[in-house]
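Values in this text are rule-based calculations from the coordinates and carry no lab data. Keep in mind the model is a prediction, meaning the values are calculated, not measured. Every residue, glycine as well, gets a Cβ built from its backbone with ideal geometry; the counts of neighbours run over all protein chains shown.
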Amino acid sequence: MSEPSPMSSNDTPAEEAAAVGQGDRAMSIDVVSIFPEYLAGLQLSLIGKAVERGQLGLNVHDLRDFTFDRHNTVDDSPYGGGAGMVMKAEPWALALEHILAGRPAGEAKPTLIVPSPAGEVFDQRIAEDLASRQHLVFACGRYEGIDQRVIDWAGERFELRPMSIGDYVLNGGEVASMVMIEAISRLIPGVIGNPESLTEESHEDGLLEYPIFTKPASWRGRDVPEILLSGNHAAIARWRRDRRLEKTAEVRPDLLARLTDLSGEDLAALERFESERGTVTE
Ligand code: ADE
């Protein structure tokens, strides 16, 4: 096996958990990739700090460590012909077995997330759901994808979640995994210093965020909206809610259509924006 990459450790999750105390850890994340260096960005900022504090276990594994030929081969040509290469089943099975073997006793079936443009579309609801899991494993495919047989094999050992981050095609699963890991891990209690900052974010309750401002009150001839300087908290809260409704109606009417708990005031505000917009475009 080759030298571990900067982020990877050859410790199993159980060995690593023992080192920091499993009791403190809300979640373990394993990532398997042929480019473990890609994931180095996760060492920075809030997620890196959560890993340092032992609130989050993060292990990045190099798929090539689970190959035994001279060239550390992970791909081959597709049966049936066609462009590109396919990732071989055996290195994936060995990597996933290594992760399974290192699980702490009594752990629930880990969730295996396979980033793919053909997966279910990842969103904030899914991030919240996955944030409650004990153990997530991300399998970053490259080339045309992974041999279907090892995906089916893994489906018997993991809770399998093929997941897309949007309707476009990336070169591999690494960037998609980083997107999902960041969205999920910031929801784990203790990872973000001020949990209140999570409550009024875009997508948290189906509305986009209100605009925000800081000092100075007047900048290059542009003033902060008067109401924010008023000290009237109820009026500020209503103004912010209206801005969220207005913005969502303007750029994401699909989100608005899904909301079922709008108040009478909300509906009146939306009608007002609608008629104002009608007047502007007439
Ligand atoms: N791999 C390639 N494209 C992807 C996408 N849109 N989402 C997740 N994984 C991918």
Where trypsin sites (Lys or Arg not before Pro) fall in DSSP loop in region 186-282, at most 14 other Cβ within 10 Å | Arg220, Arg258
Applying the gyration tensor rule to the Cα atoms of region 76-181 (axes a ≥ b ≥ c; rounded if a/c under 1.5, else prolate if a/b exceeds b/c, else oblate), the class is oblate
Using a Gaussian network model of the chain with C-alpha springs under 10 Å, which one of Glu271, Glu144, Glu209 is most mobile by mean-square fluctuation?
-> Glu271
Taking only Cα atoms and a 10 Å spring cutoff, compute GNM fluctuations for the chain and point out the largest among Leu259, Leu208, Leu100.
-> Leu259
Which value at 222 nm does the chain reach when only helices count, each DSSP H run of 4 or more adding -39,500 (n - 2.57), with the total divided by all residues and rounded to the nearest 500 deg cm²/dmol?
-> -11000 deg cm²/dmol
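Let a ≥ b ≥ c be the square roots of the eigenvalues of the Cα gyration tensor of region 13-196; is it rounded (a/c under 1.5), or, if not, prolate (a/b larger than b/c) or oblate?
Values: a/c = 1.85, a/b = 1.47, b/c = 1.26.
Prolate.
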Any idea how far apart Ser263 and Arg277 come out in nm if each label point goes 7 Å out from Cα toward Cβ?
-> 2.2
Distance between region 46-66 and region 149-212 - C-alpha centres, whole angstrom | 16
What is the fewest-to-most order of Val224, Val86, Val169 by other Cβ atoms lying within 10 Å of their Cβ?
-> Val169, Val224, Val86
In a GNM of the chain with a 10 Å cut-off on Cα contacts, which of Gln43, Gln55, Gln124 has the highest mean-square fluctuation?
-> Gln43
